[in-house]
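Here is the structure we will look at.
The values are calculated or read from the model by the stated rules, or taken from the named source; none is laboratory data. This structure is a prediction, so every number in the text was calculated from the model and none was measured. Cβ: placed from backbone, ideal geometry, glycine included. Neighbour counts: every protein chain shown. The accessibility values were calculated without ligands, DNA or RNA, using every heavy atom of the protein model including side chains. Shrake-Rupley method; radii C 1.70, N 1.55, O 1.52, S 1.80 Å.
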Amino acid sequence: MAEHETYPDLVNLENCEREPIHIIGKIQEHGVLVACDKANLEITQVSRNAADFFGINLKELLGKPMSSLLGDRQVQHLRESLKSEEEHEPQEILVKGKKYILLSHISNDSLVLDFEPVNEVQDPFFFQKKLNTILNRFQKARSFEELTREAAVVTRQMFGYDRVMVYKFDEEWNGVVIAECKDKNLEPWLGLHYPATDIPEQSRKLFLKHRVRIITNVHYKPVPIEPEFSPLNGEALDISLSGLRAVSPIHIEYLKNMGVAASLSAAIVVKGKLWGLIACHHNGKKYLDLYQRETCRFLAQMFSNEITLHETSNLLSKSELTENIRRQLMAQMKYHQDILAALNRDTVKFTDLIECTGGAIYYIDRWELNGRTPTPEQLDSLLENFIRKQSKSLFLTRNLSALFPEAEAYCAEASGLLSLRVADNKYILWFRPEVPQVINWGGNPNLKAYYNKKEDRISPRRSFQKWTEKLTGFAEPWHQIDKNNARSLRENMSYILLHLQRKEIEALNEKLLAAHKELELFSYGLSHDLRAPVRGMEGFIKILQEDYGQLLGEKGNRMLEMSNGLIEKMNTLIDDILEYFRLGHSDEITRTPVDTASVLKEVVELFNIPINFPKTSFKIQQDLPVVEGDQRMIFQLWSNLLNNALKYSSEEEKPIVEIGWENVKGRKTFFIKDNGIGVEPQFKERIFETFKRAAGSRFKGTGVGLAIVKRIVEKHKGKVWLESKPGNGSVFYFYLEGPNED
Ligand code: ADP
């Protein structure tokens, strides 16, 4: 189709991609190449046709200063232009009275000069005048087809090629002719496809750089550069940046096989990527000078801009539409508790978001289907054996059966697959059916090349006759917008899933709290109901002791005593549990001023320390403050703490228990200190839980006392904690209210 430049040795098109086309040491015949030492401008290499153009013998040029060709004034001018950092501007130059355009560039140690003749144009501003009209015509185009057709028509009008085509690349770099304007005697090539190998990657890269490339005469004889190797470094001259660069024999043969004598290709670049080409063919020789090529480049640029505009506005209106659908899906997800219902059983479905004929959602362990899809069994296998194996969460193909042969069975439903992993075990799939495609190739693309024995090199296909291929198992291709939509949906879903999860946890928590409450009520009831039978037992034991004591003997009486002890323990336990639960049930407390000193006085009297703990020295700070709180609870709180302090220090030689307070950061912080057994660090928190005990069985207790203390403190929005060294006593601290200024 267009540029194809290769010098492969083997019948292997992979080679084409690697061929060093930039150092082909020959040029086309429409201009002259002169290379000189960039340091002193002494001429080092010249294309052999210099003699024909300039009428000067090669020998008179090589080794001579550039001024011998251009004269001092023009050389001075050239020197000036070389100083500028920017790309060297083209210059008009006279050699032997004939006008040329001089294009210069640096290649290693050489300055390479392309001399191109200037075409005689009647109206020098012809192109400039036309450009305005062209722009108008582009902007008036009502459809994309019209726009591309206009591009072909105006290019042909301006430059007079026999055939002008707009050629567009697909994702795999195959090309298709999407618009054409041609001489009526030529057969139409509109709609024909060409394989990617027709324009290999290196040629595409050069197009991106140079934008416009001409081949003036395929029947030309490549002009060698003399000498072949530069005297400056002994290497072949790199002329990749020269517009005169010769064309590979393969490409020449390719064009000849097509019946083309001259060509021009201009790159259409959209968003920095080679989108396609304006490809021009001519049946005879044709040369466009630099000014004309620049105009063509400008035209291609205007066309590229129009395409960008068209694609962008297309994308915008499409994304506006899908954005609304996505928003609606999001609203549905927020409304329904069930994701599947939200995405598939409401007004807008997940299949509306992306163009498809069916879709499936896999949610943990089941399928939710919509439209035309494979069966759930087929989907199970597709998921397990294919989709789960993809490393990326978003996967797409338009030819599933080529990757997963089993899918051939359902290619009518799912030749195209776009799969999205939303979260663990949650997938969404969209399907597109097989669209039997007839592709008209410009020649059989499978016969891209053959080995040319005579030339001992590869040759392109000889026939460009329309070759029809039927493609099976292919769906319409997916586009970037489909990917974007899938990704945004995933984001929305993740948000909703998280939200649902949180709700689930909250609901569970509520259930747990309810269950806990129920259990408390049950325990409360149970403890309550135990009271009567325990009292009954107490009564009977008393009767047994009083009325039948003598009959039972010493052993029997001891057993009755032990039973009494157990009953007493049971009573304390019941009392403690009931107290604890009672605290739990009254949510609000009534705060009144409570004088700590008088509460403690009562508590201490109750314990009757001198009688029950004769060894213990008990100290109490004098200025204990008034606090705000529930009088009864505060009594209970002190009594539990004091009970423990006395109990767990009772085995010391000289037990000391001390009560006091401090103002810490405005909080009335009380402490009760003992020099008893202390608490191991790992139990510091747990002893505040119900029935958790850390002391040995020699200390009586139910493990409820501190749980009651904690509940009371929390009901007062205060805090209780402990500092202790095991074996070295403990200090329990607490405060009941917020910071206080006094
Ligand atoms: P108990 O009836 O066992 O005393 P508590 O709930 O009052 O139940 O206390 C829980 C555990 O905390 C006790 O079993 C004991 O191990 C530890 N404990 C409480 N107060 C002290 C203290 N002053 N000194 C050492 N250990 C204590």
Taking segment 157-176 only, how many residues are part of a strand (DSSP E or B), aromatic (Phe, Trp, Tyr) and open to solvent by 10 Å² or more (accessible area, probe 1.4 Å)? 1
Single condition Leu722 does not satisfy, out of (1) more than 10 Å from the ligand (Cβ to nearest atom); (2) farther than 25 Å from Pro593 by Cα; (3) open to solvent by less than 50 Å² (accessible area, probe 1.4 Å): (1)
Which of the residues belonging to segment 406-445 are over 18 Å from Thr375 (Cβ atoms) and in a helix (DSSP H, G or I)? Pro445
In segment 177-208, which residues are more than 18 Å from Arg297 (Cα to Cα), touching a His at 6+ places or on another chain (Cβ under 9 Å) and surrounded by fewer than 21 Cβ atoms within 10 Å (Cβ to Cβ)? Lys182, Leu186, Thr197, Gln202
Can you find, within segment 278-328, the residue that is nearest to the chain's Cα centre (by Cα) among those that are under 19 Å from Lys130 (Cα atoms) and among the aromatic types (Phe, Trp, Tyr)? Phe303
What is the number of the single condition among (1) within 17 Å of Lys710 (Cα to Cα); (2) within 8 Å of the ligand (Cβ to nearest atom); (3) of a type in the set (Phe, Trp, Tyr); (4) touching a Ser or Thr at 6+ places or on another chain (Cβ under 8 Å) that Tyr648 does not meet? (1)
For Leu583, the lone unmet condition from (1) open to solvent by less than 60 Å² (accessible area, probe 1.4 Å); (2) in a loop (DSSP other than H, G, I, E, B) is (2)
Provide a single number: the residues in segment 597-634 that are open to solvent by less than 60 Å² (accessible area, probe 1.4 Å), part of a helix (DSSP H, G or I) and not hydroxyl-bearing (Ser, Thr, Tyr). 9
I'd like to verify a number: residues in segment 725-742 that are open to solvent by 20 Å² or more (accessible area, probe 1.4 Å), in contact with a helix residue (DSSP H, G or I) (Cβ under 9 Å, 6 or more places away or on another chain) and away from the ligand (no atom under 12 Å from the Cβ), how many? 1
Return the residue satisfying two criteria in turn: it lies in segment 624-634 and is touching a residue at least 12 places away in the same chain (Cβ under 8 Å) and out of contact with any Leu (no Cβ under 9 Å at 6 or more places or on another chain), and of such residues it is nearest to the ligand (Cβ to nearest atom). Asp630
So which residues in segment 676-704 are in contact (Cβ under 8 Å) with a residue 60 or more places away in the chain, surrounded by 13 or more Cβ atoms within 10 Å (Cβ to Cβ) and more than 6 Å from the ligand (Cβ to nearest atom)? Thr690
Hey, can you tell me all the residues within segment 655-675 that are more than 16 Å from the ligand (Cβ to nearest atom), of a type outside the set (Phe, Trp, Tyr) and touching a residue at least 24 places away in the same chain (Cβ under 8 Å)? Asn663, Val664, Lys665, Gly666, Arg667, Lys668, Thr669
Counting residues that are open to solvent by less than 70 Å² (accessible area, probe 1.4 Å) and either touching a Pro at 6+ places or on another chain (Cβ under 9 Å) or not small (Gly, Ala, Ser) (or both), which helices (runs of 4 or more DSSP H) fully inside segment 304-405 reach at least 2? 339-344, 376-385
